[in-house]
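Working notes for the structure below.
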Amino acid sequence: MAYQVLARKYRPQRFADVAGQDHVTVTLMNALTQGRIAHGYIFSGHRGIGKTTIARILAMALNCRNVIGSAERATAEPCEICDSCVEIRAGNSVDVIEIDAATNRGIDEIRELRDAARYRPARDRYKIYILDEAHQITDAAFNALLKTLEEPPEHIVFMMATTQPEDIPQTVRSRCQHFSFHAVKLVDILEQIRGIAAHEGVEADEAALALLAEAGDGSMRDALSIMDQAIASAPVEDGRPRLDATQIRDLMGTVANTIFERLLEAIHGNRSADVMTIANELLDAGNSPAQLARQFVRYLRNCIIAKIAGVGEDGGSTELLQISADEQRRAGRSAALFTEEELTRFLQVMLRTFDELGYRQEQRFHFELGLLKLVHLQRLLPVEEILSRFPTSGSAGGSASPQSRTASTAVSSAAPVTRVAPAAPRPVTPPTPPKPAFSPFSSNLKSFNEPASVPPQKAVEPQVLIQPDLPPPPVPAVSIVQTDPVDEITAIEVAADLLGVGALPAEILQPEASPIAIAASAAPAAKGTQSGEDLQRMAVEALSGAKSQGSAADALGDSEWTVAGDEIRVQTELSKTMLPMVINPEAEKIVRTALRSSGAGQLKLVLLPGGGNASAAKKPRAAKTGSAQAKAMDHPVVQQAQRLFNAEIRNVIDLRDND
C-alpha cells in the first residue's frame, strides 16, 4: 500500500476523535439521538480544523444501517462496520456525493445537482451532498439552488464547508443550520501529535513537539503536515527518527526566540551597535527580512500579552498565550524590561515595517531601520510626563498652584493693603463736538462751534486699594468755557423761525435752563453712546455701499431704532417670514461691522418683525453721505429742533454757490 500522510492516516472517524470542536459534535449527536435532522448544514471556520471531516462523520451516522441504541451502535456514533460506513469512509458510496465547489461552481453544475436530487438514494436512507469550499459558488448558481434548499425532498441533506461564510448569500444561510468551528487550542494539538509520535515510533522532546504545535497556528492539519515533513528530515537513531527543535526551526526557516530576547535586551540598554550586530548575524545566515519581521511581531505580541496577564520569570501562565511554558516565561522576562505603552509602540513600528517590506526593493535596509527606531523610541518621553513638569495656574472654579499660592501669601504679608478714598472726585470732560459742515446762518452760531462743558456730576466715592507708600492719583483739571446766552437763544429762535415752528417752548426760556446745559444737549453723543438715529444712519450707509443689499438698506431705513440697556432693538415692517430673507446673514454682518466701528459693538442687535409698534410713524430714509440732506441732518441746531419740536425734514435746499 502506498504511503499515506499523517493528516489522512489519522483523520478522525468518530465524533469523539475530533479535537477542539465539542460544541459542534455534542450538538450533532444530540440531534441524531432525537431525530432532529436538518436538510442543510453550513460548517465554517479556519483551515484544517475538521469541517469536512465532521461532514463525513455526520454522513456516516445518517446512513449507518444499525439503529441507535442497538448492540452494534450504542450511541449516535457511526458503527464503522456496516457496508454504508465502510463505503463512505473509503469514498465509494453512491449516495454520498462530495463536490469540489471551487471547480463545479457554475449554474450548469448546480442545475445538474438539482435535477439529480429529485431521485431517491440508491440504497441508503439519505442522499447527501457535501459541497467543499462552498463560498466559491457563483450567485447565479446559489439562486438556482434556493428553491431546493427551502423545500427539499425528505431524502436530501446538503452540507457546505467553507472558510468564508460571509461570501455565501444570506438567503442561503438563513435556510441552513450554521456551525462555526473554533481554532484548535495549543494543548489539544500538542496532545494529538504526542499520541501520533508515540504510535509512529518517533522520538521527540517536549520542545520539538511544542514547536510543531505552535507552527500549526490553530490548525491540526497544518501541524500534522509540518510533523510529517520533520519526520522525513529527522536523523535516525536505532532505527527510529528523532525530532529536535533546532532541526525543526531550520526546516521551517525560523530562528529561536532567544535571539529576539537578546534583541530586546539590547534595545532596553540603548545599545544600537549590539542591535545591528544581531540583525547582521540573522541576515547573513540567510534568513528573510520579511520572515524575521513576522516572527518578531509575534514575539512582541506575546510580550504584550505576558505583560497584561502578569506572566513573569518566576511562573504564571495564561490561555491568551498559545505557546509552551518555557516560551511564556521567556516572553515574561522580555516584557519585564518595558512598560505596556513601550511594547505597544514597538509592535506598531514592527507592524509598519513588516508592511513596508512587501513592496520595498532593499528589504534589509528597511528591516534594520525598523530595529533602530525601536532604540530611538526608548529616548522619547511621554506627553503626560512633560506636561506634569509645568505648574498649573489657577482658573475660575479651580485652585491655584502651590507656587502661586506661596508667592501671593508672601506679598500680602510683606505689604499690607489699606483702604483709602480719593482726595477729590474726578469730573468727566465731554469730548469736543465737531464743527458743523454748513449753515446759512453761521454768523449767529459762534458759540455752537466752541466746545461745551458739562457741569461736574456728583461723584460716587469708590473704595480703592492702593499701596500706602504710593501717592494718590492726580486729579485732572477741568476747563469750563462760558458761552454767550444771548447768542444761544438767538440761534435757536432763528432755527425755529426758519422751520416755521413759531414761539419757543417755555422750557427753553426758563432761567433754569443754562446755556451750558443747552450746548451740552445740542452736542452729539460721545462715541459708544450714539442714539438710535445715528446707529441707523451708519447701518443704512454701510448697506448702501455694499452690492446687492439695497433691499436690506431700505428695510432698515424704514425701521425704528432704539437703544435699550445693552440692546439695539430694530423694529422693522417686515413679516416674520420675510425678515431673514431680506436681512440675510451677509447684511447682518455688514451692519454689525458698522456698529462695531462706531463703538457700539458691545451692544446686542435685535431684529424684530412687523407688528411691534403699529402706531409709530414711518421714518424717512437715511440720506447719502456727503449730500446736502445728510449735512443738514448732522447739524446740531437741526437735531436740537427735531428733538424739541418733533419736527420732520421734508425738503432741503442747498444754498451754496456751486460755481
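Only the coordinates and a few stated rules stand behind these numbers; no lab work does. If you're wondering where the values come from, they're calculated on a predicted model, not measured in any experiment. FYI the Cβ positions are ideal-geometry reconstructions off the backbone, even for glycines, and counts take in every protein chain you see.
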Residue by residue through the stretch 211-220, what is 3J(HN,Hα) from phi via Karplus (6.51 cos²θ - 1.76 cosθ + 1.60, θ = phi - 60°)? Round to whole Hz and write x for glycine and proline.
5, 5, 5, 5, 5, x, 6, x, 10, 5
Projected area of the stretch 180-228, taken from the Cα convex hull and averaged over every viewing direction, in nm²?
3.1 nm²
Positive-pole candidate from 258, 300, 369, dipole of the stretch 254-383, charges at beta carbon
369
Among the listed pairs 547/604; 9/147; 51/307, which have their C-alpha atoms separated by more than 28 angstrom in this model?
9/147; 51/307
Want the number for residue 37 to residue 272: 0.36 nm per residue separation, take away the alpha-carbon distance, what's left?
78.1 nm
Taking 35 Å as R0, compute the FRET efficiency from the Cβ-Cβ separation of residue 70 and residue 232 and round it to 0.05.
0.20
Applying 1/(1 + (r/R0)^6) with R0 = 60 Å to the Cβ-Cβ distance of residue 564 and residue 655, what FRET efficiency is obtained, to the nearest 0.05?
0.95
Descending principal axes extents, the stretch 532-622, alpha-carbon based, whole Å
32, 32, 23
Read phi for every residue in the stretch 166-183 and hand back ³J(HN,Hα) as whole Hz from Karplus 6.51 cos²θ - 1.76 cosθ + 1.60, θ = phi - 60°, with x for Gly and Pro.
5, 7, 7, x, 4, 5, 7, 5, 6, 9, 10, 8, 9, 10, 9, 8, 9, 5
If amide hydrogens are placed 1.01 Å from N in the peptide plane, which non-local residues have theirs closer than 5 Å to the one on residue 177?
40, 41, 42
Once Lys and Arg get +1 and Asp and Glu get -1 on their Cβ, which of 79, 122, 6 lies farthest toward the positive end of the dipole of the stretch 6-180?
79
Name the residues whose placed amide hydrogens come within less than 5 Å of the amide hydrogen of residue 568, ignoring near sequence neighbours (fewer than 5 apart) on the same chain.
604, 605, 606
What residues qualify as long-range amide H neighbours of residue 243, i.e. H under 5 Å apart, gap of 5 or more or another chain, H built at 1.01 Å from N?
203, 204, 205
Taking just the alpha-carbon atoms of the stretch 352-392, what radius of gyration and Dmax come out, in angstrom?
16.1, 51
Taking the convex hull of Cα positions in the stretch 165-285, its mean projected area over all directions (nm²):
12.0 nm²
I'd like the Karplus ³J(HN,Hα) series for the stretch 114-128: coefficients 6.51, -1.76, 1.60, θ = phi - 60°, whole numbers in Hz, and an x wherever there's a Gly or Pro.
5, 5, 6, 5, 6, 8, 6, x, 5, 9, 7, 6, 10, 9, 10
Residue 240-residue 150 FRET efficiency (beta carbon distance; Förster radius 56 Å; 0.05 resolution):
0.50
Eligible aspartates and glutamates near residue 373 by straight Cα distance, threshold 16 Å, same-chain separation 8 or greater
265, 274, 341, 342, 355, 356
